Amino acid sequence: MTLLRIEDLSLSIGPHKILKNVSFSIAPGEIVAVTGESGSGKSMTALATMQLLPESAETKGAILLGDLDLLAQTEPQLCAMRGKDMGMVFQEPMTALNPVKTIGDQVMETIQIHTTMTRAQAEEQAREMLTRVGLPTDRFPLSRYPHELSGGQRQRVVIAMAIALRPRLLIADEPTTALDVTTQAQILDLLKELVVEFGMGLMMITHDLAVVSEMADRIVVMRHGEIVEQGKTRALFEEMKHPYTRALFEASGHQVNLPERAEVPEPILEVRNAVRDYVLPRTQLFAPRQYHRAVNEISFTIHHGERVGLVGESGCGKSTLTRAILGLEPLQSGSITAFGQEVGPGQNPALRSGLQVVFQDPYGSFNPRHKVARIITEPFHLMPDPPTGEARDRAIAEALVAVGLQPSDAGKYIHEFSGGQRQRIAIARALIIRPELIIFDEAVSALDVSIRAQILDLIADLSRSHNLSYLFISHDLSVVRTVTDRVLVMKAGEIVEQGETQEVFSNPQHSYTQTLINAAPVLPIVGQGAA
Amino acid sequence: MIRSRNLFIGGLLCMIVLVAAFVSFFWTPYDITTMDIPNKLKTPNAQNWFGTDHFGRDIFSMIMIGARTSLAVAIVAVGIGMGVGVPLGLWAAAKKGGWADEIIMRGNDLVFAFPSLVIAILITAIMGAGAINAIIAIGIFNIPVFARLTRSGALSLWEREFILAARVAGKSKIRISFEHILPNVANLLIVQGTIQFSLGILAEAGLSYVGLGAQPPTPSWGRMLADAQTMVSFAPHLALVPGLAIVFAVLGLNLMGDGLRDMLDPKIRVVRS
Amino acid sequence: MLRYALKRLLSLAISLVVASLVIFAVIEVAPGDPASFMLGINAQPDTVAALRSELGLDVSKAERYLNWIGGMVRGDFGTSYTYRTPVGQMIADRMWVSLPLALYALALSTIIAFPAGIYAAARRGKPGDMAVMGATQLGVAVPNFWFAMMLVLVFAINLRWFSAGGFPGWDEGFWLALKSLTLPAIALALPQSAILARVMRSSLLDILGEDFMRSARAKGLSRRQALWRHGLRNALIPVLTIIGMQFAFLLAGGIIIEQVFFLPGLGRLIFQAISARDLIVVESVVMLLVFAVILVNFIVDLAYAAVDPRLRART
């Protein structure tokens, strides 16, 4: 018996074909994961099932929920089904809730628009649902507003909203992508329990193969709007008939070939008891100022040739630490020394040239009005005597070639490049003045897995050819594990554990490190994929 | 299609006003400094396209010269607003949360509490009426408009990573403000500039109408309307023509502003996505 | 909430003090000696001296400022030099025309703009939207005082539905007085409602793109229900700002419109005072206008907090 059957679904928006002949089905109580990289059409499949597509979308084929074809339903009929027969959970819990309505009202709304329950009854059911998703109403009363909750808690409210009427089908579109690993694990567990308890079918959209492998009964792999392969989770990972599935799997667990560390015990970056406080907004008009200690007495050293990882969840203070190391923010106490010189906002720029940075966002890292040549030569500003004329052109060409681009790319604008290429340009900008230490601040986090694998390889290659040291900051444990020699684990402004990467990962000492490692979903070890 | 149409029509209307104002420096159909009483209050006809006023002066010629006054006042007022407001906004954003930011923003709030009419009243009360008052009053009113806009645009840019990259490259905040921030808020400023320009024309007309702006004999559209008021029952064209001239110019500027926004905005979005 | 209100109140007080200092500086310090300025060049020295002592100019500037402020707090705005009557009374009389006019116009403008903006947003890109947007484009471009003259031409002179100007006073009956304010209020309101409708529309369209609107649709709300239940209140936040600013424009704009309709409001008072060089009256009226603007901003700030719980939580 099937609950949802999608048959030959094709979808186009204007001239763009978004989905091509997509067919798969979901049984009650079954978790089907739809996976693929950006542009694969996985989210559009979810929205098509909810019939929440942009107005200009044209669909062909059939989406059968039970024996009703959703494509043939009128809008009022669909409204009567959404929320009652099928619910949806979205990616961004921070914006998925109406900021001016209480969480109780928002959960009750689902109940009230579909049933004739009295307000008191609806309230009772909302209370029950919120308790069920882990927000007991004695600690999280219905009168709370979304902004009073954390991201994970908000996602629980969104889930409660979606399942309030026990729909037959739940669609979750990247429900944990915006969350930290420990929260992610909790939300995934919750979804699994709910599927069993309510006998729902769950369509889970995710880019993360590790999550997929732990959650799903069956997997649908998509690329460019088409299904390339589908099957039972175990069988699919065992066989991986389609080369794309294999490539995706390989890229997800990509291991780089990191060159041997050239151990020269010469410290290039020393952080000693660094403290950074932020002033909080006053809670009372004349109350004394409150401070938030974002970085608390942190000390570590990076030696020449070392590749160090820094892991931690959002809000742990890793971005603040990065800014302090870059000399963009002052410390309240302690010191940061790079190449024997104290770092700080008043520092001589020439002394900063040994230290460069690559940021996360491939779209926000560049002035859209400048050409590549101007963008990547910006660090020349740090040099007392920057190269000009031919020497400058040569430096530009060298940097571009080093990151796998063409010298002719120097004359292009940034919007002509893809996300992965932009991240290469960001690396070229960091490399051009031949720094000894580069900080990679979540530098691969915004990239699709296959692109991410390429950039990680590039970083390993550069570490070999340029004898680079780097500090690799990431929330992603699997990535840090492959590109670093040593790792620091950060929590609430403090470093709770540090040591050799392999040692820390295989034998974590601190309970927080253990929690992190246990929470992180892992890819299954399977025959062909591992080869 | 609609976008380019807005820009095209708006640009055309503005062009007509601009040309009329420019040509009036060298030539107008009639001399408006001499009276021609026998010819007074003529309705629009082949000789006087827009008719004549109570002194027999050609209204078409007065509209041309009036365009000059309107444009001059509005241009200088927008210039004052941008010239003072934009650097203040850049400064406030660069020093976000600091005392300079606080003072600039509170100062802005304060100036917002003085509508340009009130400023004009204050100035006129102690200095007497004149077109300069209108310029100063509208100009002062424009300062916080541009300062706020620049600051909010700049603040979101300061969060962007390319600004962090420039800071890592050791560039000073002043240099970053002019090299990276200003060019990226220019679109916003251009669009707002056309809107403030049109508001300036409306404000100048209003001030001249109540006698706080351009004084006779300088022809101005608002002044012409004030003169027309007592005669509106028997010579409605005296009131109709200058009013339509204002609508024409303001509509042109607004359409152009909308067209520019539609044209410039998606480009920013394309770059981002 | 109370903390937030107190903080806004403090900021209101500071704004008032600074604004009063500015006005005092311009009116009483800039022209040199206000007494000789008010009397003109040909005044007799003893008349000037008499006026000086009458205006209380023989004390220090700081003392004068404090006297002025203290007087206003007690409701004593001084005595008009030209009319020889208390300024407070004159202003109070005129306020009974100007304030109702501004409120009337604000009400009209809101009543017209809300439905128009919501309608246009709900029919984005369709002919209904185009028509509303076209009308607002024109509305924004029309100077309100000229529009007022056209209204007089059509409805008073040609159709004779209204009188061309003047104000009978509230004693002559509420409806009669209201009727004589109707054309002025329409003239003020229509151009403002065009702006407000555009803001309402664009604000709603911004909200329609928010994630939580999609969540609302996923619950089973229709487009219209989602717009009313979730869109409107969020869209109101920028709209409130504009309404607050509009009140200032309406009060100031009213001064101009009063000239068209020969209404005995603040506008008439202030223009007579300017030509008579009656600085005391000018100063008080200006202070009152500025006070009104600051007060409305304060109310708008409180309204924000009522609409947006995030503000209530912050101080």
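Relative to the first principal axis of the alpha-carbon coordinates of chain C, what is the inclination of helix C:61-74, with its axis defined by its Cα atoms, in degrees from 0 to 90 and to the nearest 10? Tilt relative to chain C: about 60 degrees. The A-C contact accounts for roughly 2600 square angstrom of buried accessible surface, both chains included, probe 1.4 angstrom. Between chain A and chain B, roughly 2100 Å² of accessible surface gets buried, counting both sides and using a 1.4 Å probe.
For the stretch A:153-191 versus the stretch A:440-459, the inter-centroid distance based on Cα atoms is 27 Å. For the stretch B:212-219, backbone phi angles converted through the Karplus equation (6.51, -1.76, 1.60; θ = phi - 60°) give residue-by-residue couplings of 9, x, 4, 9, x, x, 4, x Hz, Gly and Pro being listed as x. Listed by chain and number, the aspartates and glutamates placed with their C-alpha closer than 18 angstrom to that of A:LYS60 are A:GLU7, A:ASP8, A:ASP69, A:GLU75, A:GLU226; residues fewer than eight positions away on the same chain are left out.
Pairwise Cα separations in the protein assembly as shown fall into 20 Å bins from 0 onward with the following percentages, short to long: 10, 33, 34, 19, 4, 0. When the Kirkwood radius is taken over all Cα pairs of chain A, what Stokes-Einstein diffusion coefficient follows at 10 °C and 1.306 mPa s, in µm²/s? Translational D for this selection: 62 µm²/s. For the pair the stretch A:192-270 / the stretch C:187-256, the C-alpha centres are spaced 45 Å from each other. Per residue, the protein assembly as shown exposes 42 Å² of accessible surface when a 1.4 Å probe is rolled over the protein heavy atoms with every protein chain present. Relative to the 2.2 N^0.38 Å rule of thumb, the stretch A:144-286 has a C-alpha radius of gyration ratio of 1.51.
Each peptide in A:456-465, B:157-166 was scored by the mean count of other Cβ atoms within 10 Å over its residues; highest first, the order is B:157-166, A:456-465. Taking each residue in A:507-513, count the Cβ atoms of any other chain within 10 Å of its Cβ, then average. What number comes out? If you average over the peptide's residues, the count of other-chain Cβ atoms is 0. Remark: spin-label model distance C:TRP170-B:THR33 equals 5.3 nm, labels positioned 7 Å along the Cα→Cβ axis.
Taking the 0 to 90 degree range and rounding to the nearest ten, how far is the long axis of helix A:449-465 tilted relative to the main principal axis of chain A, both from C-alpha atoms? Long axis of A:449-465 versus the principal axis of chain A: about 10 degrees. Among the listed pairs A:LYS192/A:LYS232; A:LYS491/B:LYS95; A:LYS101/B:LYS95; A:LYS20/A:LYS241, a Cα-Cα separation exceeding 24 Å is found for A:LYS491/B:LYS95; A:LYS101/B:LYS95. Taking the square roots of 5 times each eigenvalue of the Cα gyration tensor of the stretch B:154-273, largest first, gives ellipsoid semi-axes of 46, 17, 8 Å. The mean number of Cβ atoms from other chains found within 10 Å of a Cβ in peptide C:287-297 is 3, as a whole number. Take each peptide in B:35-44, B:114-123, count the other Cβ atoms within 10 Å of every residue, and average; sorted highest first, the result is B:114-123, B:35-44. Overall, the stretch C:95-275 carries a charge dipole of about 920 debye about its Cα centre when +1 sits on the Cβ of Lys and Arg and -1 on the Cβ of Asp and Glu, all other atoms neutral.
Here's the list of lysines a cross-link from B:LYS96 could span, going by alpha-carbon distance under 18 Å and ignoring same-chain residues fewer than 8 apart: B:LYS171, B:LYS173. Neighbouring Cβ atoms from other chains, within 10 Å of the Cβ of residues in C:142-155, number 6 on average.
Projected over all directions and averaged, the alpha-carbon convex hull of chain B occupies 17.7 nm². Averaged over residues, the count of other Cβ atoms within 10 Å places the peptides B:190-202, C:201-213 in the sequence B:190-202, C:201-213, highest first. The amide H of C:PHE77, built 1.01 Å from its N in the peptide plane, has C:VAL87, C:GLY88 as neighbours under 5 Å, considering only residues 5 or more places off or on other chains.
Give, as ranges by residue number, the residues of the stretch C:104-126 whose backbone N falls under 13 Å from the point 7 Å along Cα→Cβ of C:ALA135. It comes to C:111-121, nothing else. The long axis of helix A:103-114 is offset from the longest Cα principal axis of chain A by roughly 30 degrees. Note that the stretch A:69-121 carries a Kirkwood radius of 12.9 Å, evaluated over its alpha carbons pair by pair. Within a straight-line Cα-Cα reach of under 19 Å, A:LYS371 can be paired with the following aspartates and glutamates, leaving aside sequence neighbours fewer than 8 residues apart in one chain: A:ASP361, A:GLU390, A:ASP393, A:GLU398, A:ASP409, A:GLU416, B:GLU161, B:GLU179.
Measuring how big the stretch A:1-57 is from its alpha-carbon positions, Rg and Dmax come out at 11.9, 37 Å.
Among the protein heavy atoms of the stretch C:201-267, carbon and sulfur supply 61% of the accessible surface, probe 1.4 Å, non-protein parts ignored.
For chain B, with all protein chains in place and a probe radius of 1.4 Å, 70% of the accessible heavy-atom surface sits on carbon or sulfur. Centre-to-centre, using Cα atoms only, the stretch C:64-128 and the stretch A:39-73 are separated by 54 Å.
Take the convex hull of the alpha carbons in the stretch A:132-203; its mean projected area over all directions comes to 4.9 nm². Legend: calculated FRET efficiency, A:ALA120 to A:SER143, from the Cβ-Cβ distance at R0 = 22 Å, rounded to 0.05, equals 0.90.
Scattering from the stretch C:95-275 was approximated by placing one identical point on each alpha carbon and applying the Debye formula without solvent; log10 I(q)/I(0) at 0.15, 0.16 1/Å stands at -0.86, -0.93.
The values are calculated or read from the model by the stated rules, or taken from the named source; none is laboratory data. The shown structure was predicted, so the numbers you read here are calculated from the model rather than taken from an experiment. Positions of Cβ are backbone-derived with ideal geometry, glycine not excepted, and every protein chain shown enters the neighbour counts. Note: accessible area is taken over every heavy atom of the protein model, side chains too, but ligands, DNA and RNA are not part of it. Shrake-Rupley method; radii C 1.70, N 1.55, O 1.52, S 1.80 Å.
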